[in-house]
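Chemist: Before we start, here is the structure in question, set down as structure tokens.
The values are calculated or read from the model by the stated rules, or taken from the named source; none is laboratory data. None of the values given here were measured: they were computed from a predicted structure. When we count neighbours, we look across all protein chains shown, and the Cβ atoms used for this are built from the backbone with ideal geometry, even at glycine. These accessible areas exclude ligands, DNA and RNA; they are computed on the full protein's heavy atoms, side chains included. Shrake-Rupley method; radii C 1.70, N 1.55, O 1.52, S 1.80 Å.
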Amino acid sequence: MDTELVATVRRFNRTVTQRVGALDDAYMARGRPLAQARLLWEIGPDGAEVAALRSRLGLDSGHLSRLLRALEGDGLVTVAPAGGEGRVEQATLTAAGRAEWSTLDERSDAFAWSILEPLTGPRRTRLVAAMAEVERLLVASMVTIEPCPPGDPRARVCVRAYARDVARRFDDGFDPALSSPLGDDELTPPAGVFLLATLDAEPVGCGAVKLHPGAPAEIKRVWVSEAVRGLGVGRRLLDELERYAATRGWTAVRLDTNRNLTEALALYRSAGYREVEPFNTERYAHHWFEKRLVP
């Protein structure tokens, strides 16, 4: 652990916590703490499912229930089954809640301006640019990557998104039926693994590796959602797939890709992959790569 880096992050957290009023019991002078105000904002004029709020805000069920009860007690929110589905709860703003939401919106704009106003024009620009970069990097740090059964609905969502994405970019489109077959059993331990990347419990990326006995492992279906591209998620997936193969004794990994996937080509080359002769008959491949692994 780099103690200086950790100390810098802690100083930043203390400064931001104080500046945004996270310690105030009456956030924005509205008589309620920041957590309640943030939840009210997230529910918004259109309402939101309670499960989605829990995922989006990273709250446990008990804490979220207490916050909702407090807002219900103030007459700002109602919680009821959504569309008759007893197990799906929907949080909705009352008329008073919508008025409070509008007031929070106006005061949030004013508060943001109070941060920028004391600064000169160039310093405002620097601060806003720095905030945007910090936000991007914080989002990157919130992405989690874990093994997932290839038949899981979230895995299926990613594979379908991968197919749609490459179909738009390949010269002749993409028909999964014409691509090399890839069964779920090949991506289930011990034969292989499917990794799922999530942000706020939503799937945003995937990748898989097949562990061929007596041959290099093979990486397949690396895909990252546009929502998190440029945040290093693809590189993290690649690293995790390589690590998975290496810890199980494989000393080499290989993959193929299409010439139109320029970002993927750049990623593989920067990660130490070298081009090799074709090792399969994949219809949509133009480049074949291999990399030696450290056990």
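Chemist: If I go through the stretch 22-35 residue by residue, how many of them are open to solvent by less than 60 Å² (accessible area, probe 1.4 Å) and in contact (Cβ under 8 Å) with a residue 24 or more places away in the chain?
Modeler: Total satisfying the criteria: 3.
Chemist: Find all pairs meeting these conditions: Cβ atoms under 6 angstrom apart; at least six residues apart or on different chains; first residue within the stretch 259-279 and surrounded by 14 or more Cβ atoms within 10 Å (Cβ to Cβ); second residue part of a strand (DSSP E or B) and at pLDDT 95 or above.
Modeler: Ala264/Thr257; Tyr268/Phe289; Tyr273/Phe289; Tyr273/Lys291; Val276/Trp288; Val276/Glu290; Phe279/Trp288
Chemist: On the basis of being surrounded by 11 or more Cβ atoms within 10 Å (Cβ to Cβ), closer than 27 Å to Arg259 by Cα, out of contact with any Gly (no Cβ under 9 Å at 6 or more places or on another chain) and among the β-branched types (Val, Ile, Thr), does Val166 make the cut?
Modeler: Details: surrounded by 11 or more Cβ atoms within 10 Å (Cβ to Cβ): yes; closer than 27 Å to Arg259 by Cα: yes; out of contact with any Gly (no Cβ under 9 Å at 6 or more places or on another chain): no; among the β-branched types (Val, Ile, Thr): yes.
Taking the combined requirement at face value, the residue does not satisfy it.
Chemist: Here are Val159, Val253, Val204: which of them is in contact (Cβ under 8 Å) with a residue 40 or more places away in the chain, surrounded by 21 or more Cβ atoms within 10 Å (Cβ to Cβ) and either under 25 Å from the mean Cα position of the chain (by Cα) or not in a strand (DSSP E or B) (or both)?
Modeler: Details: Val159 fails: surrounded by 21 or more Cβ atoms within 10 Å (Cβ to Cβ); Val253 fails: either under 25 Å from the mean Cα position of the chain (by Cα) or not in a strand (DSSP E or B) (or both).
Val204 is the lone residue from the list that is in contact (Cβ under 8 Å) with a residue 40 or more places away in the chain, surrounded by 21 or more Cβ atoms within 10 Å (Cβ to Cβ) and either under 25 Å from the mean Cα position of the chain (by Cα) or not in a strand (DSSP E or B) (or both).
Chemist: Sticking with this structure for a sec: Working only within the stretch 64-104, note down all residues that are open to solvent by 30 Å² or more (accessible area, probe 1.4 Å), within 18 Å of Leu34 (Cβ to Cβ) and in contact (Cβ under 8 Å) with a residue 12 or more places away in the chain.
Modeler: Within the stretch 64-104, Ala70, Asp74, Trp101, Thr103 qualify.
Chemist: Out of all the residues in the stretch 114-127, is one or more touching a residue at least 12 places away in the same chain (Cβ under 8 Å), surrounded by 13 or more Cβ atoms within 10 Å (Cβ to Cβ) and within 27 Å of the chain's Cα centre (by Cα)?
Modeler: yes
Chemist: Just to be sure, is Ile145 under 24 Å from Ala37 (Cβ atoms), in contact (Cβ under 8 Å) with a residue 24 or more places away in the chain and aliphatic (A, V, I, L, M)?
Modeler: no
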